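Right, one structure below, let's go through it.
The values are calculated or read from the model by the stated rules, or taken from the named source; none is laboratory data. It should be emphasised that the depicted structure is a prediction, and the values quoted were computed from it without experimental measurement. When we count neighbours, we look across all protein chains shown, and the Cβ atoms used for this are built from the backbone with ideal geometry, even at glycine. For accessibility, only protein heavy atoms count, side chains too; no ligands or nucleic acids. Shrake-Rupley method; radii C 1.70, N 1.55, O 1.52, S 1.80 Å.
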Amino acid sequence: MTTMRPAADKWIARQKLKPNARLRLFCFPYAGGSAAIYRGWQEELPAAIDVCPVQLPGRESRLLEEPFRHIEPMTLALVEALKPHMDRPFAFFGHSMGALIAFELARELRRQKLGLEPMHLFVSGRGAPQRKIERDPVHKLPHDQFVQRLRNLNGTPEAVLQNEELMELLLPILRADFEVNETYVYQDEAKLHIPIHCFGGTGDVDISEERHEAWREQTTEAFQLKMFEGDHFFLNNQAIRQELLRDLHVELTRIVDLL
């Protein structure tokens, strides 16, 4: 007989449990990405840190589920799904779309007055949310132009872009994720009372260092910005990813030492 796992578990794609961890790090993917982006992070970070890659609907084990197209229903669903996993101190990490998800999820937790708040917000590869995206919408582009845009972003392997069957599966997810980003409307609220650490790529043609720096306006606490020599998908570069993980190791260890 097959044992059904709890519904909340489908949102977390861990490869290895750390039941004695003192801090959870929830990691949110970029547009078109999955929890697999963070594969290996559990082993790379200290034993005190439980890395929780978040698996959104429409990808990998959740391929048959309808992806979200707007940030509001996504964050409401995430609150309900992740609450059971917020039984100890936690922090958020998100890259690109994932940074927006992490930010809005932190604000939604505050709105709901649940007494749950991340200890730290790590945002990567996305300009500050109050700065509107300054380009024409991508999610409505015709097929060929949409694929070319993906190629220009350098986040999707060429072999994938040329695989028609695979692209038929991926395109609806990619369009939905771009729609999440491009339909987002920033609402002015009180600043977060948690530190924000921002990472960016110096070669990111869409996001300047100044737009990364603007995350400083979203917190009353400490802010740090580090720019890597890479494009928008710098965290997929092995050498840069190792440097990023070293930085996370230091900061997360500091947080744990304060617990």
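Tabulated data for the structure shown
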quantity	calculated
Members of the range 208-224 found to be hydrophobic (A, V, I, L, M, F, W, C) and open to solvent by 50 Å² or more (accessible area, probe 1.4 Å), listed by number	Ala222
Filter result (free of Cβ contacts under 8 Å to residues at least 40 places away in the same chain and either closer than 21 Å to Ala239 by Cβ or open to solvent by 10 Å² or more (accessible area, probe 1.4 Å) (or both)) within the range 20-37	Asn20, Ser34, Ala36
The range 54-79, residues that are of a type outside the set (Val, Ile, Thr), part of a helix (DSSP H, G or I) and either without any contact (Cβ under 8 Å) to a residue 60 or more places away in the chain or in contact with a strand residue (DSSP E or B) (Cβ under 8 Å, 6 or more places away or on another chain) (or both)	Glu60, Ser61, Arg62, Glu72, Pro73, Leu76, Ala77, Leu78
Some residue of the range 237-252 being in contact with a strand residue (DSSP E or B) (Cβ under 7 Å, 6 or more places away or on another chain), in a loop (DSSP other than H, G, I, E, B) and touching a residue at least 24 places away in the same chain (Cβ under 8 Å)	no
Where Ala239 falls short, out of the listed (1) closer than 25 Å to Glu104 by Cβ; (2) of a type in the set (A, V, I, L, M, F, W, C); (3) open to solvent by 60 Å² or more (accessible area, probe 1.4 Å)	(1)
Residue list for the range 89-120, filter: of a type in the set (D, E, K, R), assigned to a loop (DSSP other than H, G, I, E, B) and at negative phi	Glu117
The range 164-207: number of residues that are surrounded by fewer than 15 Cβ atoms within 10 Å (Cβ to Cβ), at pLDDT 90 or above and out of contact with any Lys or Arg (no Cβ under 8 Å at 6 or more places or on another chain)	8
Selection count, the range 207-233, where residues are in a loop (DSSP other than H, G, I, E, B) and over 12 Å from Val123 (Cβ atoms)	9
